[in-house]
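Structure provided below as structure tokens; questions to follow.
The values are calculated or read from the model by the stated rules, or taken from the named source; none is laboratory data. Keep in mind the model is a prediction, meaning the values are calculated, not measured. Note that we place each Cβ from the backbone using ideal geometry, even for glycine, and neighbour counts take in every protein chain shown. For the accessible areas, the whole protein counts, side chains as well, though only heavy atoms, and no ligand, DNA or RNA atoms are used. Shrake-Rupley method; radii C 1.70, N 1.55, O 1.52, S 1.80 Å.
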Amino acid sequence: MSSKTPFKVLCVCLGNICRSPTAEVILRHYCDEQELNVMVDSAGTSNYHPNKAPDTRSQEHALKRGYDLSSLRARQLKTHDFIEFDLILAMDHDNLADILALQAQAKREFGHLRAEVALMSEHDSDYPKQALPDPYYGGAAGFERVIDQCESSSLAWVEIFKQKILKV
Ligand code: 4NP
């Protein structure tokens, strides 16, 4: 492990029990595979499910694809995250608007902020700037779509991180 401070990325959705935990584990997987010095976490804009494990449907679909979400616990995004993290990734455009509103509050609170804010799909040519659709009220296909899109968008971010030479 490097003694250098990692580049810290926070994946954010609404509940932090479906999309952002999936994004967290998949982005971490691809960063680790490329030995990038990147730390990944996740949070929700809401406080609907504090300390809850990811939705069992998200866990089951992810595990079948080789991703273990079981140790994650939900938490709400807070202003301090804007000085703690380098990059905050919104899963959809509503999340982005909520994150930017909290960013304005954080700016008033702390002055200079560390975090840039972007969409999870920002650099993804297969899902260009598209929302990661919320699977919570839908069926199995929605959960598979989340995994497909998280893989695609994570690979695109890994290419960006590689250009920044974030090697371990
Ligand atoms: P997530 O999905 O934002 O991907 O975690 C949701 C989880 C819970 C709710 C909505 C979306 N909810 O309304 O409780």
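The conditions are (1) open to solvent by less than 40 Å² (accessible area, probe 1.4 Å); (2) more than 14 Å from N95 (Cα to Cα); (3) away from the ligand (no atom under 13 Å from the Cβ), and L10 fails exactly one of them. Which is it?
It is condition (2) that L10 fails.
Here's a follow-up. Which members of the stretch 91-111 meet the condition of being over 23 Å from I147 (Cβ atoms), loosely packed, with under 14 Cβ neighbours inside 10 Å and of a type outside the set (A, V, I, L, M, F, W, C)?
Q105, K107, R108, E109, G111
Okay, next question. If you check every pair at least six apart or on different chains, which have Cβ atoms under 6 Å apart with a residue in the stretch 131-148 that is in a helix (DSSP H, G or I) first and a residue that is among the charged types (D, E, K, R) second?
Qualifying pairs under 6 Å: F143/R57; V146/R19; I147/R65.
Tell me which residues, restricted to the stretch 124-156, are open to solvent by less than 70 Å² (accessible area, probe 1.4 Å), of a type in the set (A, V, I, L, M) and out of contact with any Asp or Glu (no Cβ under 7 Å at 6 or more places or on another chain). Lay out the reasoning, then the answer.
Step one: filter the stretch 124-156 for residues open to solvent by less than 70 Å² (accessible area, probe 1.4 Å), giving 124, 127, 131-133, 135, 138-140, 142-144, 146-154, 156.
Still in the list and also of a type in the set (A, V, I, L, M): 131-132, 140, 146-147, 156.
Scanning the stretch 124-156 gives A140, V146, I147.
What tally of residues in the stretch 41-88 results from selecting those that are within 16 Å of the ligand (Cβ to nearest atom) and either in a helix (DSSP H, G or I) or at negative phi (or both)?
Number of matching residues: 31.
On the given criteria, is S20 polar (S, T, N, Q), within 13 Å of the ligand (Cβ to nearest atom), open to solvent by less than 40 Å² (accessible area, probe 1.4 Å) and outside any loop (DSSP other than H, G, I, E, B)?
Numbers: polar (S, T, N, Q): yes; within 13 Å of the ligand (Cβ to nearest atom): yes; open to solvent by less than 40 Å² (accessible area, probe 1.4 Å): yes; outside any loop (DSSP other than H, G, I, E, B): yes.
Spelling it out, S20 is indeed polar (S, T, N, Q), within 13 Å of the ligand (Cβ to nearest atom), open to solvent by less than 40 Å² (accessible area, probe 1.4 Å) and outside any loop (DSSP other than H, G, I, E, B).
So for the stretch 112-123 (the condition being among the polar types (S, T, N, Q), touching a helix residue (DSSP H, G or I) at 6+ places or on another chain (Cβ under 6 Å) and open to solvent by less than 80 Å² (accessible area, probe 1.4 Å)), does at least one residue qualify? I'd like the intermediate steps shown before the answer.
We begin by selecting, within the stretch 112-123, every residue among the polar types (S, T, N, Q); these are 121.
Cutting the leftovers down to touching a helix residue (DSSP H, G or I) at 6+ places or on another chain (Cβ under 6 Å) gives us 121.
Keeping just the survivors that are open to solvent by less than 80 Å² (accessible area, probe 1.4 Å) gives 121.
Looking through the stretch 112-123, at least one residue is among the polar types (S, T, N, Q), touching a helix residue (DSSP H, G or I) at 6+ places or on another chain (Cβ under 6 Å) and open to solvent by less than 80 Å² (accessible area, probe 1.4 Å).
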